[in-house]
Structures are given as structure tokens and as C-alpha cells.
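What follows is one structure encoded as C-alpha cells, with my remarks underneath.
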Amino acid sequence: KAGVTQTPRYLIKTRGQQVTLSCSPISGHRSVSWYQQTPGQGLQFLFEYFSETQRNKGNFPGRFSGRQFSNSRSEMNVSTLELGDSALYLCASSLGQGGREQYFGPGTRLTVT
Amino acid sequence: QQQVKQSPQSLIVQKGGISIINCAYENTAFDYFPWYQQFPGKGPALLIAIRPDVSEKKEGRFTISFNKSAKQFSLHIMDSQPGDSATYFCAASRGSSNTGKLIFGQGTTLQVKP
């Protein structure tokens, strides 16, 4: 089976712009979670989607949003980018809602200048 | 109560030695404890996981020890190899909330010297 794929892998944006990141889960996996990884804060949970519904949300401002499509693919959007949004954004997929075994993609490296 | 504390921050071990990484948690509602391995430029890879009804789980050279009363768990890497050099993260999640939200420790950078 193919693993979790994320596109694009690298992205450079300017402050104030918005960005959309994409995640395709492992075939058959229906739950997708997003995490932000930075050297200072480590790995932090952003949100989780199952059956096109957001099931849980982390402590991030409303500029961070996401959605899931009927084929389980997911996107996350960050509006009005700030320098502090520079990070590795990771997507993880699992079989069902609240799935424990989460498999991560390679991430999207976002740099905000 | 959501924190998972991981130590040490970095670790240097000789080839063939035992690497030990420790984690402590506060929330007794956590009931799933995975370990992830991350190489530079890659996403974290699920290594091994344990639930609190088991005190130890072994998979190959990797062993998780779990102490429910102390709210601690640790990863032991036996016969450490240079290829094990990576960053290791412990994590925890709560089943009762029916969510896969993982709370991660801060990570341990392991270097195995040849």
C-alpha cells in the first residue's frame, strides 16, 4: 500500500498570504489528523477529520482551518500567514474515528518570509 | 494535565549499547502510548505502542516498559546501531474522547557512535 502523501513538499510564502496544503491518506484509512512541528514547540495537534467532519481541534487560532473530502483526502488552510507559522506540517492517517495507529506523511515544509 | 514529558533531550550511545528514553505523563485518562522514530526530512514513523494493561512490550530490538502507578513509560533500544540515529518521540492519547489526538513529548535526539 502506498503511504500517506502530502503536497507540496516545500513552500515559501510571504507574510499576509494564505496557503493550502494537501494530504492523501493511506488507502482505506478514513481519519486524517494534522500536526505542526517546530523546533521550539515540538509536535502539536491541529485538528482531526473523520467522515468529512472535524472531530477535534487543537489550540490554534482560527486562521488555521481544514476540511476532508468524501474520498478521505484532506486539506488544511492557513490564512494571513505570520512568520511564526513557518513549520513542518504533518498529516497522519488512521483506519477509523479515534484511530490509534497513526501513520504520518513526509510533511510540507512551509517557510514564511 | 495534557503534558507528556520526555528525557533526555539528547543521547549518545556506543554501537551495541542500550539506549533508554523516558517519558512521564500526568493525565490518567491516557490509555495508548506510542513511540515514533523520525529521520531528518521524514515524517515520524510508528515504532511500537503499548496500552496500560501491559507492563512490557517487545518488538525486535525495541522494548517499551510501562509503569502505570508511576505514570511513566520508557523505550529501550537493545544492541543500538548507527542506523538507529534519529529523533524519538513518545506520545499519549485518550481513548474515552474517541479521538486520535496524540500528545507528544519534546523528542530525544539519539546518536549511535560506530
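The values are calculated or read from the model by the stated rules, or taken from the named source; none is laboratory data. Because the structure is a prediction, the values reported are computed rather than measured. In this analysis, Cβ positions are derived from the backbone assuming ideal geometry, glycine residues included, and neighbour counts consider all displayed protein chains. These area figures cover heavy atoms from the full protein model, side chains too; ligands, DNA and RNA do not enter into them. Shrake-Rupley method; radii C 1.70, N 1.55, O 1.52, S 1.80 Å.
Only a single criterion out of (1) open to solvent by less than 50 Å² (accessible area, probe 1.4 Å); (2) modelled with pLDDT of 95 or more is not satisfied by residue B:95, namely (2). Go through segment B:100-114 and report how many residues are modelled with pLDDT under 95 and either over 14 Å from residue A:35 (Cα atoms) or open to solvent by less than 10 Å² (accessible area, probe 1.4 Å) (or both). Here the count works out to 3.
Looking across segment B:26-54, the residues that are polar (S, T, N, Q) and at pLDDT 95 or above come down to B:37, B:38. Residue B:87 falls short on exactly one of the conditions (1) out of contact with any Leu (no Cβ under 9 Å at 6 or more places or on another chain); (2) in contact (Cβ under 8 Å) with a residue 40 or more places away in the chain; (3) of a type in the set (Val, Ile, Thr), and that condition is (1).
Name the single residue, out of those in segment B:7-62 being touching a residue at least 40 places away in the same chain (Cβ under 8 Å) and charged (D, E, K, R), that is nearest to the other protein chains (Cβ to nearest Cβ). Only one residue fits best here, namely B:31.
When residue B:9 is tested against the conditions (1) open to solvent by 20 Å² or more (accessible area, probe 1.4 Å); (2) under 11 Å from the mean Cα position of the chain (by Cα), the lone failure is (2).
Out of the residues in segment B:54-86 that are among the charged types (D, E, K, R) and out of contact with any strand residue (DSSP E or B) (no Cβ under 9 Å at 6 or more places or on another chain), which is least open to solvent (accessible area, probe 1.4 Å)? Talk me through it step by step, then tell me what you get.
From segment B:54-86, those among the charged types (D, E, K, R) are B:56-59, B:61, B:68, B:71, B:79, B:84; that's our starting set.
Narrowing the set further to residues that are out of contact with any strand residue (DSSP E or B) (no Cβ under 9 Å at 6 or more places or on another chain) leaves B:68, B:79.
Working: B:68: 131, B:79: 77 Å².
So, considering only residues that are among the charged types (D, E, K, R) and out of contact with any strand residue (DSSP E or B) (no Cβ under 9 Å at 6 or more places or on another chain), the one least open to solvent (accessible area, probe 1.4 Å) is B:79.
Checking A:28, A:40, A:62 one by one, the residue that is open to solvent by 50 Å² or more (accessible area, probe 1.4 Å) and touching a residue at least 60 places away in the same chain (Cβ under 8 Å) is A:28 and no other.
Conditions tested, residue by residue: (1) surrounded by fewer than 21 Cβ atoms within 10 Å (Cβ to Cβ); (2) at pLDDT 95 or above.
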site: A:23; (1), (2): no, yes
site: A:36; (1), (2): no, yes
site: A:47; (1), (2): no, no
site: A:66; (1), (2): no, yes
site: A:73; (1), (2): yes, yes
site: A:86; (1), (2): yes, yes
site: A:95; (1), (2): yes, no
site: A:109; (1), (2): yes, yes
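Apart from one condition, residue A:101 fits all of (1) open to solvent by 60 Å² or more (accessible area, probe 1.4 Å); (2) over 14 Å from residue A:32 (Cβ atoms); (3) within 10 Å of another protein chain (Cβ to nearest Cβ); the exception is (2).
Quick one: would you say residue A:16 is in contact (Cβ under 8 Å) with a residue 24 or more places away in the chain, within 11 Å of another protein chain (Cβ to nearest Cβ) and open to solvent by 10 Å² or more (accessible area, probe 1.4 Å)?
Working: in contact (Cβ under 8 Å) with a residue 24 or more places away in the chain: yes; within 11 Å of another protein chain (Cβ to nearest Cβ): no; open to solvent by 10 Å² or more (accessible area, probe 1.4 Å): yes.
No, not satisfied.
Only a single item in (1) within 12 Å of another protein chain (Cβ to nearest Cβ); (2) open to solvent by 40 Å² or more (accessible area, probe 1.4 Å) is not met by residue A:113, and it is number (1). On inspection, residue B:68 passes the criterion of being more than 14 Å from chain A (Cβ to nearest Cβ) and modelled with pLDDT under 95.
If I go through segment A:1-57 residue by residue, how many of them are on the phi < 0 side of the Ramachandran plot and part of a strand (DSSP E or B)? Total satisfying the criteria: 34.
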